[in-house]
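First up is the structure itself, then whatever we jot down about it.
The values are calculated or read from the model by the stated rules, or taken from the named source; none is laboratory data. Here the structure is a predicted model, which means the values were calculated and not measured. Glycine also receives a Cβ, built like all others from the backbone with ideal geometry; neighbour counts cover every protein chain displayed.
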Amino acid sequence: MNQPEHKIQDAIRVALSAADCTVFRVNAGQVRLPDGRFFQTGVPKGHPDLYGFRWADNKIFYIEVKTKTGRPRPDQIRFHHFLQQKQVIHGIARSPEDAVKIVCEGLVGYGFEKE
């Protein structure tokens, strides 16, 4: 069964916390204000769902959460290219195990290889 993304994300947050990391969820998107205008959150388009740092060395990481069949959007791929150029730990996690692997092994671009 294909778990919903928010359930995978919650499990990843627990797993990364247990792996001695601090992890933050990014609330992205826009909301309509009472006067009809839209408010856009402050992160750039394509920003990954989760970010944080490892306690052992304070290295920053970014995790894009996807279901088993989920595909990254073009703006997420652009953000991946930016992080890859800077050799920042990041990747697509479809499970808590993927996320722990990305962070603990310091992988750059895990899961984006086919994109």
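So here's what we get for this one:
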| read-out | value |
| --- | --- |
| Residue among Pro4, Pro44, Pro48, Pro34 that is under 24 Å from Arg73 (Cβ atoms), without any contact (Cβ under 8 Å) to a residue 60 or more places away in the chain and surrounded by fewer than 16 Cβ atoms within 10 Å (Cβ to Cβ) | Pro44 |
| Residue tally, condition part of a strand (DSSP E or B) and over 28 Å from Lys59 (Cα atoms), over region 17-39 | 5 |
| Subset of region 46-60 (residues that are of a type outside the set (A, V, I, L, M, F, W, C) and either over 14 Å from Cys104 (Cβ atoms) or outside any strand (DSSP E or B) (or both)) | Gly46, His47, Pro48, Asp49, Tyr51, Asp57, Asn58, Lys59 |
| Pairs with Cβ under 6 Å, 6+ apart, first in region 88-115 and free of Cβ contacts under 8 Å to residues at least 40 places away in the same chain, second surrounded by fewer than 18 Cβ atoms within 10 Å (Cβ to Cβ) and among the small types (Gly, Ala, Ser) | Ile89/Gly106 |
| In region 40-92, the residues that are under 13 Å from Phe112 (Cβ atoms), touching a Leu at 6+ places or on another chain (Cβ under 8 Å) and among the aliphatic types (A, V, I, L, M) | Ile63, Ile89 |
| Residues being polar (S, T, N, Q) and either closer than 14 Å to Tyr51 by Cα or at pLDDT 95 or above (or both) - total across region 1-25 | 3 |
| Of all residues in region 61-110 being touching a His at 6+ places or on another chain (Cβ under 9 Å) and in a loop (DSSP other than H, G, I, E, B), the one that is nearest to Val14 (Cα to Cα) | Leu107 |
| Identity of the residue in region 26-48, within 19 Å of Pro4 (Cα to Cα) and modelled with pLDDT under 95, that ends up nearest to the chain's Cα centre (by Cα) | Val26 |
